[in-house]
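Enquirer: Let me give you the structure first, and then I'll get to my questions.
The values are calculated or read from the model by the stated rules, or taken from the named source; none is laboratory data. These numbers come from a predicted model, not from an experiment. Please note: Cβ atoms are built from the backbone with ideal geometry, for glycine as well, and neighbour counts cover all protein chains shown. Heads up: the accessible areas ignore ligands, DNA and RNA and are worked out on the full protein's heavy atoms, side chains in. Shrake-Rupley method; radii C 1.70, N 1.55, O 1.52, S 1.80 Å.
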Amino acid sequence: MFLGDRNILTAPVYFFRTAPMPCPYLNNRVERRLVADLGKSVTQAHYDQLAIAGFRRSQNLVYRPACPGCQACVPVRLRVQDFRLSRSQRRIMRANAHLHGEAVPAVASWEQYRLFTAYQAGRHLGGEMSFMTYEDYRDMVEVSPIDTWLVEYRDPEQKLLAVMLADRQSDGLSAVYSFYNPAAPRHGLGTFMILDAVNRTRQAGLDYLYLGYWIKGSQKMAYKTRFTPLEGLGSNGWESLDPDNPAVSNCGTDRPAPTMFANPGLYP
């Protein structure tokens with residue numbers, strides 16, 4: 001039975017656990033996820049509550065780690081109003097000042113897909129996403145029950161160099177996925193897109209940029225700690241995160257979903 005505000009959240013959300021699989025980030029660990037299908041009846045308000053509770057979106061699904069005996073994954077978000085550029089980030093902004101970022105509807109194109117496949121081949125060859133077809137990519141971009149859009153970054157010759165897929169939430173923006181030309185000059189395009197997202201979040205009058213999960217010891221996640229002040233979701237809610245002492249991690253504990261979201265008996 002759904003226990004949310006009936007005047008706002010009118011449809012139930014049911015959760016399920018995925019089967020155990022090898023963790024893609026930490027050796028000799030097992031990954032399980034708590035997953036819900038948002039479907040077509042779920043509102044933006046549903047998603048906002050789930051995002052604040054540490055869930056991430058992929059198409060119509062939301063998920064968060066639920067790995068037995070492991071609490072390594074920490075949902076993180078950046079307080080954009082308090083963020084200040086570091087010296088190296090200022091250099092990255094100057095190096096990419098010639099790029100124009102335009103927010104466009106979440107509609108896939110072959111131009112984007114060619115860039116996406118080049119990025120996967122150059123940075124994540126052999127990874128799960130490197131096998132995505134155009135139809136898979138189109139679903140990633142276009143299948144969303146909430147306010148989702150793309151930002152395309154082009155040079156003065158209108159060549160597409162980078163793309164970010166983003167969701168809008170009640171309190172911030174969520175950086176869902178980003179990719180760029182791996183053969184472009186090494187001007188920190190990944191960092192530049194996050195910095196641009198910070199500016200867009202501020203301009204929208206929102207407080208947070210959600211950056212997904214952070215794992216101490218994972219090199220793939222290390223870049224997120226270069227953006228401060230960072231908050232992590234722990235047992236006391238969202239708190240300031242010290243990457244050298246991440247005491248706020250409670251994501252990934254082997255416990256039921258919050259009862260405000262689901263009947264605890266509906267997932268194995």
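Enquirer: In nm, what is the difference between 0.36 nm times the number of residues separating Glu142 and Arg29 and their Cα-Cα distance?
Expert: Gain in length upon complete extension: 37.4 nm.
Enquirer: Modelling each spin label as a point 7 Å along the Cα-to-Cβ direction, I'd like the Ala95/Asp82 distance in nm, to one decimal.
Expert: With each label point 7 Å from Cα toward Cβ, the separation is 2.9 nm.
Enquirer: Once you keep just the Cα pairs under 8 angstrom separated by 6 or more residues, what percentage relative contact order results for the stretch 30-178?
Expert: Working: 188 pairs, mean separation 38.0, N = 149.
So the answer I get is 25 percent.
Enquirer: Skipping prolines and chain starts, which residues have an amide H placed within reach, meaning under 5 Å, of the one on Glu31, given they are 5 or more residues away or on another chain?
Expert: So Glu31 has HN proximity to Met21, Cys23.
Enquirer: In the stretch 105-201, which GluC sites (Glu not before Pro) are in a loop and have at most 12 other Cβ atoms within 10 Å, using DSSP for the loop call? Before the final figure, lay out the partial values.
Expert: On the way: sites: Glu111, Glu128, Glu135, Glu142, Glu152, Glu157; in loops: Glu157.
Taking the stretch 105-201 and a limit of 12 other Cβ atoms within 10 Å, the loop GluC sites (Glu not before Pro) found are Glu157.
Enquirer: I've got another one for you. Given a Förster radius of 22 Å and the C-beta distance between His124 and Asp155 as r, what FRET efficiency does 1/(1 + (r/R0)^6) yield to the nearest 0.05? Walk me through the numbers on the way to the answer.
Expert: Working: r = 23 Å, r/R0 = 1.07.
For R0 = 22 Å, the calculated efficiency reads 0.40.
Enquirer: Measure off 7 Å from each Cα along the Cα-to-Cβ vector at Glu239 and Ser58, then give the distance between these two points in nanometres to one decimal.
Expert: With each label point 7 Å from Cα toward Cβ, the separation is 3.0 nm.
Enquirer: From the backbone phi of the stretch 138-147, what are the Karplus-calculated ³J(HN,Hα) couplings (6.51 cos²θ - 1.76 cosθ + 1.60, θ = phi - 60°) in whole Hz, Gly and Pro given as x?
Expert: So the J values, rounded to whole Hz, are 4, 5, 4, 7, 9, 8, 7, x, 10, 6.
Enquirer: In the stretch 121-207, what percent of the accessible surface is made up of carbon and sulfur (1.4 Å probe, ligands and nucleic acids excluded)? The partial results should precede the final answer.
Expert: On the way: 1900 of 3960 Å².
Here it works out to 48 percent.
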